[in-house]
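The values are calculated or read from the model by the stated rules, or taken from the named source; none is laboratory data. Quick caveat: nothing in here was measured; it's all calculated off a predicted structure. Using ideal geometry, Cβ is built from the backbone for each residue, glycine included, and neighbour counts are taken over all protein chains shown. Quick note on the areas: whole protein, heavy atoms, side chains included, nothing else; ligands and nucleic acids left out. Shrake-Rupley method; radii C 1.70, N 1.55, O 1.52, S 1.80 Å.
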Amino acid sequence: MKLAYWMYAGPAHIGTLRIASSFRNVHAIMHAPLGDDHFNVMRSMLERERDFTPVTTSVVDPHVLARGSREKVVNNISQKEDLQNFVDRASSYSESDVILADVNHYRINELQAADKTLEQIVRYYLDKARREGFLNRSLTDDPSANIIGISTPGFHNQHDCRELKRLLSEPRISINQIIPEGEFLKNLKDLPRAWFNIVPYREMGLMAANFLEKEYGMPHILTTPIGILNTADFIAQISKIVNLWSFSLIEKKVNYDLYVENQTKFVSQATWFSKSIDCQNLAGKEAAVSGDATHAAAITKILVREMGIRVSCSGTYCKHDADWFNEQVQGLCDETIITEDHIEIGDTIARIEPSAIFGTQMERHIGKRLDIPCGVISSPVHIQNFPLGYRPFLGYEGTNQISDLIYNSFNLGMEDHLLDVFGGHDTKEVNIKSLSTEKNNIHWSYDAESELKKIPGFFFAKQNNISTITVDVMYAAKEKLSS
């Protein structure tokens, strides 16, 4: 645990509450200081919920907080024992199941806690069903899947879930269960009836899928259907799994090649757009990508493989998933950055000066400071990135949305030309190549900055090792560029 004024992933209790409040008929009780109960307001605002968020805060005594870190280890152990005793007592008096979230709130972040909590709940109710003899392990008659990891408030999760349903409906893959969003706990006993599991975001649901595979032999698909190529690979994996069971259960094999071809040609416009002159105008543009591991890796692949855009830097704040991320973007970008420090990310972006940024709300702020456009592709995000309209990132409709986002995030050549001709809002400021508070070693005189603002489209670099830029230096650079 650390003190910070900005975090990409929130504290652990936010992840636990995201899972608990996503299930139906579940109420979460949080023993925490005042101020940590902001989740209720955040969820209601972002998801525009009509109902109250089912979370109650048991406020920690301020006198306890005032004692500081005295005997912190012993007190932490005692507190967990006290909470377990509370759960045991509550279980004996209540007809409801009472579960203590088994996460270390001092060691892990929001995403890790959500993943762990979901796995704990799935394990608890499947073990309970097995003990009571209600566990149903017979597969459904037709191919079916569980979608694991759709939660509230997740980045475009509701839109992605709707698109996943549509993506699976035409190949006639029925949905067995979607967890945790909108599902009743009593129905978790039927999870093993699905033919396979889908984990659209590896940050949430991977542990539950691994548990189901280990204990019940259920295969799972980790490929996220973001982009044309990933979506085709996703459907190919479904075909492979279905055909493992098809001969004995439905007495025929399936082939989804025609479906993929039709969707690619007539539903998704991204393939056609990538070959158009509009997209070819983006050739040579540079981009920087940052976000959670799932979205950052997928967007990097789309930019490079599908749209021919150079990615100067690709990064993620999911340090616990660094190995997977590095493997996914290897050979697709000039450099990678794995960090939770937004200052380090900002300085990297300022150094490489990309034409566009694709990241979280923090990279959006960074882009505004550097006058670089930014498309938001990952949480954490502001409320404007919880759109009322249909804006999925997954599936074939998601490819259209992402193509629009990428294309509209760049300043186009004609736009730059018109700004140069007419001035517009293109008022140049000095780029100090850093967002940190460290003192920069280049100084601009007042008359040099005034002259810079008169020259539309002029950029000065540090390649000549000149520490102070004067009007004479600018005239020399201008003459060199015009020669």
Inter-label distance, nm, simple model (7 Å from Cα along the C-beta direction), residue 236/residue 141: 3.3 nm
Lysine pairs meeting the criterion (Cα under 26 Å, 8 or more apart or interchain), as found in the range 233-322: 11
By the scheme Lys and Arg +1, Asp and Glu -1, what is the net charge of all other residues having a beta-carbon under 13 Å from that of residue 384? +3
At most 15 other Cβ atoms within 10 Å and a DSSP loop assignment: could you name the chymotrypsin sites (Phe, Trp or Tyr not before Pro) in the range 301-400 that fit? 390
Can you give the extra length, in nm with one decimal, that the chain gains between residue 261 and residue 56 once fully stretched, where that is 0.36 nm per residue apart less the Cα-Cα distance? 68.8 nm
How many nm separate the modelled label positions at residue 106 and residue 465, each set 7 Å beyond the Cα in the direction of the Cβ? 5.1 nm
With a cut-off of 8 Å between alpha carbons and a minimum separation of six or more residues, what is the relative contact order of the range 262-331 in percent? 31 percent
Using the basic label-point model (7 angstrom from Cα toward the beta carbon), what is the residue 473 to residue 213 distance in nanometres? 5.7 nm
Please pull out the direction-averaged projected area of the range 204-264, using the convex hull of its alpha-carbon atoms, in nm² to one decimal place. 5.0 nm²
Net charge of Cβ neighbours under 15 Å - reference residue 153; Lys, Arg +1; Asp, Glu -1: -3
Please arrange 211, 52 by accessible surface area, largest first, computed with a 1.4 Å probe and ligands excluded. 52, 211
Would you mind getting me the FRET efficiency between residue 93 and residue 320? Use the beta-carbon distance for r and R0 = 30 Å, nearest 0.05. 0.20
What's the local net charge at residue 273, with K and R +1, D and E -1, over the other residues with C-beta under 12 Å away? -2
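Of the GluC sites (Glu not before Pro) in the range 246-330, which ones lie in a loop per DSSP and count no more than 11 other C-beta atoms within 10 Å?
251
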Quick one: which of 233-241, 380-388 comes out on top by average Cβ neighbours within 10 Å, and what's the full order, highest first? 233-241, 380-388
